[in-house]
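Chemist: Here it is, the structure, as structure tokens.
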Amino acid sequence: MNLLGVGSRLLPLVLATAALAAGAAGLGGLALWLGLLTVPAAAAAAFVAASDALEGRPARLRAVAGGVALALVVLASAARENAPTGAAPSPLATWALLLALLAYAAPLLAWVLEPVGVPRRTRRQRRLRPAEVDELLSRAA
């Protein structure tokens, strides 16, 4: 098992959770720095997911969720940076981080609910009889 791939996916989630917790605890400076550290980690995870999706791996939902979460983390960091010194934490920063965490949870929710999906019926193809095969080949020639 390769833990480096897992780490790149979990690092932005852990940092965003820590930034949200620090902001809720009233540690605005720590929340700001944790939010700023989250941005490159979220960008790396989003780029890895997008490249996986472009290679044909089943990572489309993870790529979209990572991109949305990256945008929300940048929004939260910008809102927290532009807040007045000593003021209450910006509700926009808090909500953006919370929505980023929900975006990171979307692929997990889809993975958990995947077995519940209704299986598609495949249309059974009729086998051609030898006479039909000969007729099709004679028409093609």
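Chemist: Test each condition in (1) at pLDDT below 75; (2) more than 24 Å from A65 (Cβ to Cβ) for R139 and report the one that comes out false.
Modeler: Exception for R139: condition (1).
Chemist: Looking at (1) farther than 16 Å from G23 by Cβ; (2) loosely packed, with under 14 Cβ neighbours inside 10 Å; (3) of a type in the set (D, E, K, R), which is the only condition R62 fails?
Modeler: It fails just one condition, (2).
Chemist: Is there a residue in region 5-17 that is in contact (Cβ under 8 Å) with a residue 60 or more places away in the chain and either aromatic (F, W, Y) or farther than 26 Å from L113 by Cβ (or both)?
Modeler: no
Chemist: Ok, one more. Take L37 and decide whether it is crowded, with 17+ Cβ neighbours inside 10 Å, among the aliphatic types (A, V, I, L, M) and touching a helix residue (DSSP H, G or I) at 6+ places or on another chain (Cβ under 8 Å).
Modeler: Yes.
Chemist: Show me the helices (runs of 4 or more DSSP H) entirely contained within region 28-141 in which 3 or more residues are touching a residue at least 24 places away in the same chain (Cβ under 8 Å).
Modeler: 28-54, 60-81, 91-113
Chemist: Scan region 89-127 for residues that are at pLDDT below 75 and either at positive phi or surrounded by 10 or more Cβ atoms within 10 Å (Cβ to Cβ) (or both) and jot them down.
Modeler: The one that is at pLDDT below 75 and either at positive phi or surrounded by 10 or more Cβ atoms within 10 Å (Cβ to Cβ) (or both): P89.
The values are calculated or read from the model by the stated rules, or taken from the named source; none is laboratory data. Remember, it's a predicted structure, so these values are computed and weren't measured experimentally. Cβ: placed from backbone, ideal geometry, glycine included. Neighbour counts: every protein chain shown.
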